[in-house]
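The values are calculated or read from the model by the stated rules, or taken from the named source; none is laboratory data. The structure presented is a predicted model; accordingly, all values stated were derived computationally and were not measured. Virtual Cβ from ideal backbone geometry, glycine too; neighbours counted across all protein chains shown. With ligands, DNA and RNA removed, areas are computed over all heavy atoms of the protein, side chains included. Shrake-Rupley method; radii C 1.70, N 1.55, O 1.52, S 1.80 Å.
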Amino acid sequence: MSVLEQNFPVVQKKLSVDLKGNKTDIIICSYDDHFLVIATQIGTMGTILHARKDADISVHPTFSVSVIFGKRDEPMLVACARQLIEHISSGTSQPLVLSLGLKDHSAETLKGIVSAVTENRLW
Amino acid sequence: MAGEVSALSQLVDSVESMKVDEKSKQQNAAAAADDASDNSSVQITCFSDIVNDVTLHFQIIRLRNQIYAWIGCDSAKLGRVYAAATTRPHNTVSVTSIIGGVSDNTGSGIARRIVLKTGLNVILACNIPKDSLMLEANAEKKLVEKLIDLGYTRPKAS
């Protein structure tokens, strides 16, 4: 077996931001058919959401966002995924897997995550 | 004689001060290690291997209390995603499919056995095609070896 170290096919970025006093680690990965964004303050992936742009050809795009693992009663998490998929879909139609392991679910924290991810976009 | 005594006392002083410096060095090293582990609480390890003309890509993201791992087989598609962890009672291992459904559960066995062997809380993404048992076994072996090598495994409770 030979080991290939260069040219790993997944592009990824890792950064750390402070949101309302909580250190937040953000990892963004670009696969062939998905984007993966992990934002964690608690050391685990937390709640995992899936977001995609619907395939309709119409003037106004529609999106499907759902929680696939974890908290299903936090609308702010769904709103965060919705914002991010709208940003992503301006460039590409790949779906997003978003994982949010957060200590607080305030609008300020989630806006901070959206802006940190869009500033470090891989799309 | 007086000169010798003062030289000796100087020597003793310097030896004692050396010991103190060593202690503070150790304390500094420990503090630096703590800082390093705080600052880099997320560690990403990526590597690839060729097995029987198939390229396997491995991506391991270590969070403080969980591991995310991706296994790519000749492509960089995300594949099916599973979550596995020890659950109550008796720390039995439970697995669930998050993305991809259970019709092809190539990754679920890998996820389950990773938790069994390493005691970690795991999210595994895997695009190995089904009915490739040798490939699956090789990939699992490589991944578990790497997790042990990186020191991520938890000691087993007796």
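Among the candidates B:Ile98, B:Ile128, B:Ile110, B:Ile60, single out the residue that is of a type in the set (Val, Ile, Thr) and either assigned to a helix (DSSP H, G or I) or touching a His at 6+ places or on another chain (Cβ under 8 Å) (or both).
Numbers: B:Ile98 fails: either assigned to a helix (DSSP H, G or I) or touching a His at 6+ places or on another chain (Cβ under 8 Å) (or both); B:Ile128 fails: either assigned to a helix (DSSP H, G or I) or touching a His at 6+ places or on another chain (Cβ under 8 Å) (or both); B:Ile60 fails: either assigned to a helix (DSSP H, G or I) or touching a His at 6+ places or on another chain (Cβ under 8 Å) (or both).
Matching residue, one of B:Ile98, B:Ile128, B:Ile110, B:Ile60: B:Ile110.
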Qualifying residue in segment A:59-73 (condition: closer than 21 Å to B:Ile61 by Cα, open to solvent by 20 Å² or more (accessible area, probe 1.4 Å) and assigned to a loop (DSSP other than H, G, I, E, B)): yes
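Filter segment B:113-127 for residues that are out of contact with any Asp or Glu (no Cβ under 8 Å at 6 or more places or on another chain) and not hydrophobic (A, V, I, L, M, F, W, C); which is nearest to the other protein chains (Cβ to nearest Cβ)? Walk me through it before giving the result.
Residues of segment B:113-127 that are out of contact with any Asp or Glu (no Cβ under 8 Å at 6 or more places or on another chain), as a first pass: B:115-127.
Those still in the list that are not hydrophobic (A, V, I, L, M, F, W, C) too: B:117-119, B:121, B:127.
Working: B:Lys117: 20, B:Thr118: 16, B:Gly119: 15, B:Asn121: 7, B:Asn127: 9 Å.
Looking at the filtered set, the residue picked out is B:Asn121.
Restricting attention to segment A:28-58, report how many residues are in a loop (DSSP other than H, G, I, E, B) and in contact with a Lys or Arg (Cβ under 9 Å, 6 or more places away or on another chain). Step through it out loud before you land on a result.
Residues of segment A:28-58 that are in a loop (DSSP other than H, G, I, E, B), as a first pass: A:31-34, A:41-46, A:54-58.
Subset that is in contact with a Lys or Arg (Cβ under 9 Å, 6 or more places away or on another chain): A:31-34, A:41-44, A:46.
The qualifying residues number 9.
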Lone unmet requirement of (1) among the basic types (Lys, Arg); (2) out of contact with any helix residue (DSSP H, G or I) (no Cβ under 8 Å at 6 or more places or on another chain); (3) in contact (Cβ under 8 Å) with a residue 60 or more places away in the chain for A:Arg121: (2)
Residue count for segment B:44-66, restricted to those that are closer than 22 Å to A:Leu36 by Cα and either β-branched (Val, Ile, Thr) or more than 7 Å from chain A (Cβ to nearest Cβ) (or both): 8
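Does B:Gly107 fit the bill of being more than 12 Å from chain A (Cβ to nearest Cβ) and crowded, with 23+ Cβ neighbours inside 10 Å? I'd like the intermediate steps shown before the answer.
Values: more than 12 Å from chain A (Cβ to nearest Cβ): yes; crowded, with 23+ Cβ neighbours inside 10 Å: yes.
It is true that B:Gly107 is more than 12 Å from chain A (Cβ to nearest Cβ) and crowded, with 23+ Cβ neighbours inside 10 Å.
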Candidates A:Ile68, A:Ile38, filtered to the one that is of a type in the set (A, V, I, L, M) and over 21 Å from A:Val17 (Cβ atoms): A:Ile68
Cβ pairs under 7 Å, 6+ apart, first in segment A:48-64 and more than 14 Å from A:Ser99 (Cα to Cα), second surrounded by 10 or more Cβ atoms within 10 Å (Cβ to Cβ) and among the β-branched types (Val, Ile, Thr): A:Arg52/A:Ile85; A:Lys53/A:Ile85; A:Phe63/A:Ile85
Selection count where residues are at pLDDT 95 or above and in contact with a Phe, Trp or Tyr (Cβ under 9 Å, 6 or more places away or on another chain), scope segment A:93-107: 5
Residue match in segment A:41-53 (condition: more than 10 Å from chain B (Cβ to nearest Cβ) and open to solvent by 80 Å² or more (accessible area, probe 1.4 Å)): yes
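Give the residue, chosen from A:Asp33, A:Asp18, A:Asp25, that is open to solvent by 30 Å² or more (accessible area, probe 1.4 Å) and more than 20 Å from B:Ser97 (Cβ to Cβ). Steps first, please.
On the way: A:Asp33 fails: more than 20 Å from B:Ser97 (Cβ to Cβ); A:Asp25 fails: open to solvent by 30 Å² or more (accessible area, probe 1.4 Å).
Going through A:Asp33, A:Asp18, A:Asp25 in turn, the sole match is A:Asp18.
Conditions tested, residue by residue: (1) more than 24 Å from A:Ile26 (Cβ to Cβ); (2) aliphatic (A, V, I, L, M); (3) at pLDDT below 90; (4) not in a strand (DSSP E or B).
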residue: B:Asp21; (1), (2), (3), (4): yes, no, yes, yes
residue: B:Cys46; (1), (2), (3), (4): no, no, no, no
residue: B:Arg64; (1), (2), (3), (4): no, no, no, yes
residue: B:Lys77; (1), (2), (3), (4): no, no, no, yes
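For A:Met76, are the conditions met, namely being touching a strand residue (DSSP E or B) at 6+ places or on another chain (Cβ under 6 Å) and either touching a residue at least 24 places away in the same chain (Cβ under 8 Å) or assigned to a helix (DSSP H, G or I) (or both)? Full working, then the answer.
Numbers: touching a strand residue (DSSP E or B) at 6+ places or on another chain (Cβ under 6 Å): no; either touching a residue at least 24 places away in the same chain (Cβ under 8 Å) or assigned to a helix (DSSP H, G or I) (or both): yes.
Spelling it out, it is not the case that A:Met76 is touching a strand residue (DSSP E or B) at 6+ places or on another chain (Cβ under 6 Å) and either touching a residue at least 24 places away in the same chain (Cβ under 8 Å) or assigned to a helix (DSSP H, G or I) (or both).
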Yes/no for B:Ala84 being hydrophobic (A, V, I, L, M, F, W, C) and more than 11 Å from chain A (Cβ to nearest Cβ): yes
Some residue of segment A:81-88 being out of contact with any helix residue (DSSP H, G or I) (no Cβ under 8 Å at 6 or more places or on another chain) and farther than 21 Å from B:Ile98 by Cβ: yes
